[in-house]
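S.K.: Here's a structure for you.
The values are calculated or read from the model by the stated rules, or taken from the named source; none is laboratory data. Bear in mind the structure is a predicted one, so any value in this text is a computation, not a measurement. Glycine also receives a Cβ, built like all others from the backbone with ideal geometry; neighbour counts cover every protein chain displayed.
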Amino acid sequence: MRSVLFVVVLFLITKNITAQDPNFSQFFSSPLTLNPAFTGKFFGAYRFAANHRNQWPTINNAFTTTTASVDFQILKNKIAANDTWGVGFSGLSDQGAAGAVKFNYGSFSTAYHKGLDEDGFHQLGAAFQVTYANMFVDLTKIKFADQLTTLGFTGVTSEVFDFNTLKSNYVDINAGLLYNGSTSDKNNFYVGVSMYHINRPAQQFTGASYLINPRTNFHAGGYFPIGETSTLHLSASQILQAGASQTMLGGAVQLTASSSDPNKPTSIYAGSWIRFNDAIIPYIGIEFNDFRIGATYDYNYSSLRTASQNRGGIEVSIIYIHRPSTDRPVNCPKF
């Protein structure tokens, strides 16, 4: 029973750290995990986005998280010209304790953005998302107390497991609202709120069961020119879940080189975000053709810095938006 207790404790610790849910330092580059109302809210035919994060690598690769999504707009000729209807699919894999505990999520989302003016410069969007989630514990990567000998963990555990009890799955319901606006063709701003686990799904494991607490994310951002070839991007996020909170705030400057196609310039980004009471997060990025690639490194300054050696984790992101040059540009959130 000590072995079973160990697995349960490992699961609970892994799942409840950082307010239970996996999240990204580059939240602005993972639109469908930030708010399902970002579905279809971009200028282009379709969008692919992916993030990979290795958090606290010095603590036995505590968390490794990867997500990828694709979204696009539908019925463009069937709805009002100043409206947008988007559909998206996303997947997320979150591994804890060096891959011993694995969570996988698959989501479908749809969002409708209603134009508030004739040109569609201001829109109000509402979205719905459904997620299928499953969890699995890989016993081959876990060492138990009764395996410990004078030579280390070399023995064979006497515990016998029913592998069906080491798996769990549930269906999750999420939703979001988003306001997006522009006052010219060179700026954009947005404010939104999303809520995940609205239905409070039950997570069950080795006979134990608990309800996942709803997670609410308030977020805002925008960009505006600060020079002939430079633009300032700002974004902020406030997450609330089960009495825990996380606040992130920061920005980056975009420096744009001349291009024969003004809709597809080459740019570099440099800036920083801060996760209050946890980490400073420098950011660099490059944008060319239809791609934007970004990288961050969390410099941990919280009470965990002794164990983490000030290394919170590295994260990379890539966004590809297929932009036809013939369409009229539409100002949309970039961060």
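S.K.: Read through the list (1) surrounded by fewer than 13 Cβ atoms within 10 Å (Cβ to Cβ); (2) within 21 Å of D94 (Cα to Cα); (3) more than 21 Å from the chain's Cα centre (by Cα); (4) at pLDDT 70 or above, then give the number of the only condition that N164 fails.
M.R.: Against the list (1) surrounded by fewer than 13 Cβ atoms within 10 Å (Cβ to Cβ); (2) within 21 Å of D94 (Cα to Cα); (3) more than 21 Å from the chain's Cα centre (by Cα); (4) at pLDDT 70 or above, N164 comes up short only on (4).
S.K.: Follow-up. Can you tell me which condition Y170 does not meet? The list is (1) at pLDDT 70 or above; (2) hydroxyl-bearing (S, T, Y); (3) not in a strand (DSSP E or B), and all the others hold.
M.R.: Here Y170 clears every test but (3).
S.K.: Still on this structure, I have one more. For region 32-48, how many residues meet the condition of being in contact (Cβ under 8 Å) with a residue 60 or more places away in the chain and in a helix (DSSP H, G or I)?
M.R.: Number satisfying all stated conditions: 5.
S.K.: Shifting gears a bit: Could you identify the single residue in G207, G227, G221, G243 that is at pLDDT 95 or above and not hydrophobic (A, V, I, L, M, F, W, C)?
M.R.: From the options G207, G227, G221, G243, the qualifying one is G221.
S.K.: Scan region 186-199 and report the pairs whose first residue is touching a residue at least 24 places away in the same chain (Cβ under 8 Å) and on the phi > 0 side of the Ramachandran plot and whose second residue is assigned to a loop (DSSP other than H, G, I, E, B) and of a type outside the set (K, R), with Cβ atoms within less than 7 Å and a gap of 6+ or a chain change.
M.R.: Qualifying pairs under 7 Å: H197/I212; H197/N213; H197/P214.
S.K.: Tell me the residue from F108, F121 that is within 17 Å of R47 (Cβ to Cβ), of a type in the set (F, W, Y) and out of contact with any Lys or Arg (no Cβ under 9 Å at 6 or more places or on another chain), please.
M.R.: Unique residue meeting the criteria: F108.
S.K.: Give me the pairs: first residue in region 49-66 and more than 16 Å from I293 (Cβ to Cβ) and outside any strand (DSSP E or B), second residue of a type outside the set (G, A, S) and modelled with pLDDT of 75 or more, beta-carbon distance under 7 Å, and six or more apart or on different chains, which are they?
M.R.: W56/F63; N61/N54; A62/Q55
S.K.: Specify which of the listed residues (T247, T256) is closer than 24 Å to L177 by Cβ, surrounded by 15 or more Cβ atoms within 10 Å (Cβ to Cβ), among the hydroxyl-bearing types (S, T, Y) and free of Cβ contacts under 8 Å to residues at least 40 places away in the same chain.
M.R.: T247
S.K.: Return the pair list, or none, for Cβ contacts closer than 7 Å from residues in region 287-300 that are over 18 Å from W273 (Cβ atoms) and without any contact (Cβ under 8 Å) to a residue 60 or more places away in the chain to residues that are in a strand (DSSP E or B) and among the hydrophobic types (A, V, I, L, M, F, W, C), at least 6 apart or on different chains.
M.R.: Correct list of pairs: F291/I318.
S.K.: Collect the residues in region 90-115 that are under 26 Å from F189 (Cα atoms) and touching a Gly at 6+ places or on another chain (Cβ under 8 Å), keeping them in residue-number order.
M.R.: Within region 90-115, S90, F108, S109, T110, A111, Y112, H113, K114 qualify.
S.K.: Identify, by number, the condition in (1) out of contact with any Gly (no Cβ under 9 Å at 6 or more places or on another chain); (2) crowded, with 16+ Cβ neighbours inside 10 Å that K76 doesn't meet.
M.R.: (2)
S.K.: Restricting to region 201-237, and then to whatever is aromatic (F, W, Y) and farther than 26 Å from S25 by Cα, can you tell me which residue is surrounded by the most Cβ atoms within 10 Å (Cβ to Cβ)?
M.R.: Going through the qualifying residues, I end up with F205.
S.K.: Among the candidates A50, A45, single out the residue that is closer than 30 Å to E287 by Cα, of a type in the set (A, V, I, L, M) and at pLDDT below 95.
M.R.: Just one listed residue meets the conditions, A45.
S.K.: Okay, moving on. Can you find a residue that is in contact with an Asp or Glu (Cβ under 6 Å, 6 or more places away or on another chain), at pLDDT below 95 and not in a helix (DSSP H, G or I) anywhere in region 73-91?
M.R.: No, region 73-91 contains no residue that is in contact with an Asp or Glu (Cβ under 6 Å, 6 or more places away or on another chain), at pLDDT below 95 and not in a helix (DSSP H, G or I).
S.K.: Here is a follow-up. Tell me which residues, restricted to region 100-121, are touching a Leu at 6+ places or on another chain (Cβ under 9 Å) and either buried (at least 18 other Cβ atoms within 10 Å of the Cβ) or closer than 13 Å to F38 by Cβ (or both).
M.R.: Selection gives A100, V101, F103, Y105, S107, S109, A111, H113.
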